[in-house]
Amino acid sequence: MGAGKWDTGAYTRAADARRAAGAHDFGYDATMRSVPRNRRRAAPALDPYGVTVREARDSDEHPASTPIAILFDVTGSMGQVPLTLQRRLPDLLGLLRRGRCAEDPQVMVGAVGDDQYDTVPLQVGQFESDNRIDEQLRDVYIEGGGGGDRCEGYALAAYFLATRARLDAVDRRGRKGYVFLIGDEANKPRLLAESVRRFTGDDLDEDLDVASVYRQLQERFHVFFVVPNLTSYYGAPWLEAHWRPIVGERFLQLDDPDAVCELIALTVGVTEQAVTLDEGLADLADLTPAGGAAGADAGGATGGATGGAAAGAAVGKALAGLRTGRGDVRTTGHGGGVLPGDL
């Protein structure tokens with residue numbers, strides 16, 4: 001997967017055509033809400049059951065693929081944030097190119113729910129470099145459920161990526177990919193074998209320790225947990241206390257949910273040492289002319305309601321504690337989100 005290039009013009013034309021036709025931007029979600037809950041399923045392109053691989057491969061077109069997986073919580077505590085994220089994420093590929101942050105980015109999108117209470121607790125797409133990212137986003141079902149225990153099935157998503165991802169960045173060049181989990185709750189105490197069997201098809205004999213699942217994921221990915229403002233538990237001390245031992249300084253709090261694309265792009269750029277934090281923030285300021293939102297820029301990015309300097313303020317605050325370092329697999333075995341440059 002991962003062929004082609006992002007085309008902002010094609011994205012805009014498709015969105016305009018849907019509006020003119022009175023079609024829902026997120027058609028699969030609208031369709032699922034018209035059927036009984038017990039019959040709701042993940043869209044075929046996002047259904048993890050029986051999937052054996054999700055791959056980010058090099059090619060003549062993209063010789064240095066950079067895998068970036070983005071999975072957002074779609075339970076009730078997230079409020080309207082998933083819709084905000086869906087509307088902004090198609091801008092991400094343009095921002096990555098325009099902001100000098102990553103070579104040949106290949107983006108996977110997906111969604112996380114509660115594997116004990118929800119009907120569709122895991123949705124995972126393919127790694128893509130073109131407008132198929134928009135198609136997969138519009139196939140996400142926003143269940144809005146959860147179990148009310150302040151815990152969600154993030155570890156099920158971590159297990160899926162740790163066991164399915166095939167990355168040329170790692171296997172050919174010894175470079176880790178990136179995982180951004182966007183949510184506002186903790187992990188379940190254990191990853192239940194029953195959940196793994198039910199939603200991936202893997203026949204496990206016993207439950208898994210959550211910390212061990214993340215350690216396996218961190219062998220191939222830099223793992224970040226992003227908490228957007230306007231969610232139920234933004235700023236909760238217990239949430240940070242839960243995630244810090246798992247991801248270290250890669251626990252990021254984002255004041256403005258509309259700046260999620262800018263945050264992801266600049267986080268990748270800083271971790272790859274493609275840009276410094278100051279350089280990246282300067283790039284963000286250039287994306288939107290003073291006094292208004294930008295249209296499509298020369299690199300294919302679009303400015304959202306946040307735009308430029310306003311996005312930069314939120315992103316700069318979120319990344320204030322993130323230290324730079326290259327993304328080499330030689331950090332395998334070091335927990336706590338320690339970056340290679342810190343060793």
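What list of ³J(HN,Hα) couplings, whole Hz, do you get for the stretch 167-175 from phi and the Karplus terms 6.51, -1.76, 1.60, once you set θ to phi - 60° and write x for glycine and proline?
10, 5, 4, 7, 6, 9, 10, x, 10
Just to be sure I understand the curve: with the Debye formula and one point per C-alpha of the stretch 1-108, what is log10 I(q)/I(0) at q = 0.18 Å⁻¹?
Log10 I(q)/I(0), no solvent term: -1.21.
Quick query: amide H of LEU122 versus all other amide H atoms, modeled in the peptide plane; which residues come in under 5 Å with a sequence gap of 5 or more or a different chain?
Hits under the 5 Å cutoff: GLY113.
Which of LYS317, LYS188 has the fewest other C-beta atoms within 10 Å, and how do the rest follow up to the most?
Going from least to most buried by this count: LYS317, LYS188.
Checking the a/c ratio against 1.5 first, then a/b against b/c, what shape does the Cα gyration tensor give for the stretch 151-211? Don't skip to the answer; put the middle values down first.
Numbers: a/c = 2.61, a/b = 1.47, b/c = 1.78.
Judged from the Cα gyration tensor, the stretch 151-211 comes out oblate (a/c at least 1.5, b/c at or above a/b).
Trypsin sites (Lys or Arg not before Pro) within the stretch 101-202: which are DSSP loop residues with at most 16 other Cβ atoms inside 10 Å?
Here the trypsin sites (Lys or Arg not before Pro) that fit, given the DSSP loop and packing criteria, are ARG150.
Going by C-beta contacts inside 10 Å, put TRP238, TRP243 in order with the fewest on the left.
Working: TRP238 10, TRP243 23.
Lowest to highest Cβ neighbour count: TRP238, TRP243.
Using only alpha carbon pairs under 8 Å that are at least six residues apart, calculate the relative contact order of the stretch 8-342 and give it in whole percent.
Reported relative contact order: 20 percent.
Given points 7 Å out from each Cα along the Cα-Cβ axis, report the ARG41 to ASP207 separation in nanometres with one decimal.
3.0
Given the DSSP H assignment, sum -39500 (n - 2.57) over each helix run of at least 4 residues in the chain and divide by its residue total; what's the result at 222 nm in deg cm²/dmol, nearest 500?
Estimated from H runs of four or more residues: -10000 deg cm²/dmol.
Which residues' amide hydrogens lie under 5 Å from the amide hydrogen of PHE127, considering only partners 5 or more residues apart or on another chain, with H built in the peptide plane?
Hits under the 5 Å cutoff: GLU55.
For GLU240, GLU262, what ranking results if the residue with the fewest other Cβ atoms within 10 Å of its Cβ goes first?
Lowest count first: GLU240, GLU262.
Read-outs: derived from the displayed coordinates by stated rules, not from any lab. In this text, all values refer to a predicted model and were calculated from it rather than measured experimentally. Backbone-built Cβ (ideal geometry, glycine too); neighbour counts: all protein chains shown.
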